[in-house]
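Have a look at the structure below, then the notes.
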Amino acid sequence: MEDNRKYIIQGLFVLTALIFLIKLFYLQVIDEGYESAAANNAIEEVVQIPYRGQMYDRNGQLIVYNTPVYDLYMTPKKARVADTLRFCELLGISRHQFDSLSNAARAYSKVKPSLFLRQLSVEDFARIQDSMVDFPGFTFETNAFRTYTSTSMANTLGYVAEISPKQLEAQEELGETYYRQGDYIGKSGLEKQYEDIVRGQRGLKYILKDVKGVVKGSWRNGEKDIAPIAGKALYTSIDLEIQQYADSLFQHKSGSLVAIEPSTGEILAIVSAPSYDPKLLSGREYSKNYGRLAMDPLKPLINRALQGFYRPGSTFKLIQALVALQEGVINPGTYYSHGGAPMKCHNHPVFSGVHGAIQNSCNPYFYFVFRKFLNENNQPTPFKNAAVGLKKWVEYVAKFGIGQKLGVDLPYEAKGKLPDVTYYNKVYGGENTWKFSNIYSLSIGEGELLISPIKIANLAATIANRGWYITPHVVRGIGSPTGQPLPEFQKKHEVGIDRRHFDPIVEGMQGAVDRGTVAGRARIPDIVVCGKTGTSQNKRGEDNSIFICFAPRDNPKIAVACIVDNAGFGGRAAAPIATFVIEKYLKRIIAPSRKAYEKLVMETDYIKNIPKPLPPVVKPGKDSTRKAPAPPKPTTVKPLIAEKTGTRSSSSDTRQ
């Protein structure tokens with residue numbers, strides 16, 4: 001009996017041991033889940049950030065590339081810092097910074113890794129990586145910061161910066177998980193516009209560590225690793241040599257220049273001045289530099305080419321003439337005397353033809369053209385005539401892209417303003433309250449009309465093409481030099497004007513350069529330039545100088561719009577800058593006979609003409625102490641415009 005009991009007990013022990021052995025075999029050999037769960041204590045999952053796509057100019061010259069760096073992440077729940085002083089000395093930070101960074105990490109999440117210190121150089125990483133085993137909970141991730149081969153195009157290229165809490169919340173609402181706290185994201189320019197293309201795809205690397213945190217190599221020889229995929233390169237239409245040359249012409253000046261290849265809509269150069277060195281917003285000094293740039297009264301962070309609001313001045317007469325010709329309001333030989341017009345003209349005789357009116361930029365001529373367009377609509381009252389005529393006029397003008405976004409491949413493009421019937425009904429208190437005499441300043445591109453430089457350049461390209469344009473764009477290829485741009489940048493947009501009506505316009509523009517308002521300042525040896533001056537009114541200070549042009553006259557290769565703030569008459573400042581850019585692009589050199597003039601243009605200072613900001617108005621009883629403003633949101637530059645609308649008839653209306 002006792003022997004049987006002994007055998008039973010021994011059998012139970014053997015059976016139990018056998019069960020344990022079978023279970024252990026299953027867990028260690030068959031079931032990989034147990035191995036993975038156990039390995040979690042020794043395996044670290046490291047996110048690998050891909051390099052952002054590089055950027056090139058139209059000739060394959062590198063503009064933006066990546067410099068490798070290391071970012072240090074902290075997981076608060078795992079973090080252990082026994083010797084804070086040594087830790088701070090190792091990383092070159094103060095105790096205050098350590099506390100601040102640690103608190104920020106805990107506020108974000110106690111269990112998720114968040115950025116602790118960014119952009120440690122390769123040398124710094126090599127110096128400290130062995131010592132970091134004494135501080136569990138801190139991990140390194142490879143990253144890169146943007147590096148630039150030139151100081152040009154800061155507003156066009158844009159910059160990357162840490163993703164904001166608001167952007168992270170928006171991502172979570174969409175159910176996406178790509179970005180984490182501390183990640184970089186494109187904030188402006190091409191970096192923002194093409195973020196999904198240039199950011200690439202993240203990878204994952206599994207690192208095996210011992211109990212002391214010492215790296216022992218890749219887990220399973222890296223078979224589970226996912227390699228990062230670098231972002232696609234952007235091949236831009238920018239001619240970097242021309243871009244840098246245009247920037248040099250804008251020394252000591254505020255304003256913008258846009259040069260377009262008319263046949264493709266490709267932007268060859270785009271200047272927003274004053275600007276800044278793009279490397280200022282790429283690196284560990286980003287916050288300090290951004291704050292300084294944001295406080296600059298000249299607003300270098302604003303892309304004037306897309307966000308600047310300007311009255312087009314006399315450059316708008318080109319649209320005015322085309323619309324009137326298309327509607328049959330005038331014909332190429334129509335002429336008007338100067339009598340009866342409330343605005344003055346220049347010292348030229350009365351002449352016949354549209355081309356002469358454009359050549360000499362005759363204000364009375366376009367006053368009468370606009371009046372006839374608005375008043376001859378067979379309506380019972382001048383109020384009804386003006387409303388019907390303006391509605392038809394706005395439909396024509398809008399086809400040139402005025403008063404709407406063109407769809408340029410850069411963020412924050414401004415619509416501008418194209419005043420319509422609804423607008424004037426609101427301004428004057430209802431229908432039948434306004435007529436032509438209230439809005440006649442529109443006839444010469446003044447009043448409430450506001451246009452950005454990119455649209456003025458697009459107008460030049462449209463006339464160069466004799467009636468159509470392709471949406472201006474900066475990127476001509478994605479992923480390779482031969483990669484196709486997006487479909488929207490291959491479509492022709494017709495403006496609804498017959499090709500024949502462009503002949504007198506082009507004739508007048510050539511005459512303006514050879515014999516008219518430019519008076520030879522825009523003439524280039526051996527190149528026929530067609531251009532038009534403009535002077536845009538300001539509420540304070542000198543007027544803005546504007547010039548648009550294209551060249552050559554036949555089969556044009558380049559169209560340019562140039563605006564110089566507070567520089568006065570259009571032919572004085574803007575015209576020579578625009579035509580020097582044309583000469584440089586078409587010939588690659590400046591004629592020796594024009595070198596002295598080129599030097600003068602570069603050295604002329606118009607920044608001094610810009611009015612200083614008005615002092616703040618402090619209400620009585622309020623604290624006059626002003627806090628430093630927060631960094632500005634993307635906005636528009638609004639050169640101060642006239643108080644009301646077109647009844648103004650001051651002497652400034654007589655300029656180009």
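The values are calculated or read from the model by the stated rules, or taken from the named source; none is laboratory data. These numbers come from a predicted model, not from an experiment. For neighbour counting, all protein chains shown are included, and Cβ atoms are generated from backbone atoms with ideal geometry for every residue, glycine included.
Data for the structure
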quantity: Selected residue (criterion: farthest from the chain's Cα centre (by Cα)) from residues of segment 563-583 that are more than 15 Å from V513 (Cα to Cα) and surrounded by 24 or more Cβ atoms within 10 Å (Cβ to Cβ); calculated: A567
quantity: Residue in segment 149-166 that is surrounded by the fewest Cβ atoms within 10 Å (Cβ to Cβ), counting only those that are in contact (Cβ under 8 Å) with a residue 60 or more places away in the chain and hydrophobic (A, V, I, L, M, F, W, C); calculated: A161
quantity: One residue from I546, I558 being in contact with a strand residue (DSSP E or B) (Cβ under 7 Å, 6 or more places away or on another chain) and closer than 14 Å to V581 by Cα; calculated: I558
quantity: Number of the exception - E488 against (1) surrounded by 24 or more Cβ atoms within 10 Å (Cβ to Cβ); (2) under 25 Å from the mean Cα position of the chain (by Cα); (3) in a helix (DSSP H, G or I); (4) not basic (K, R); calculated: (1)
quantity: Any hit, segment 170-179, residues being among the small types (G, A, S) and at positive phi; calculated: yes
quantity: Options S480, S452; residue that is under 30 Å from Q54 (Cβ atoms) and surrounded by 22 or more Cβ atoms within 10 Å (Cβ to Cβ); calculated: S452
quantity: Count of residues meeting criterion [of a type outside the set (A, V, I, L, M) and not in a helix (DSSP H, G or I)] in segment 314-342; calculated: 12
quantity: Hits in segment 270-310 (condition: of a type in the set (G, A, S) and in contact (Cβ under 8 Å) with a residue 24 or more places away in the chain); calculated: S272, A273, S275, S282, G283, G291, A294, A305, G308
quantity: Residue in segment 555-567 that is over 23 Å from Q243 (Cβ atoms), outside any helix (DSSP H, G or I) and in the same structural domain as D409 (by TED's automatic domain parsing) present; calculated: yes
quantity: Residue check, T533 in the same structural domain as R466 (by TED's automatic domain parsing) and outside any strand (DSSP E or B); calculated: no
quantity: Residue check, K455 basic (K, R) and more than 27 Å from the chain's Cα centre (by Cα); calculated: no
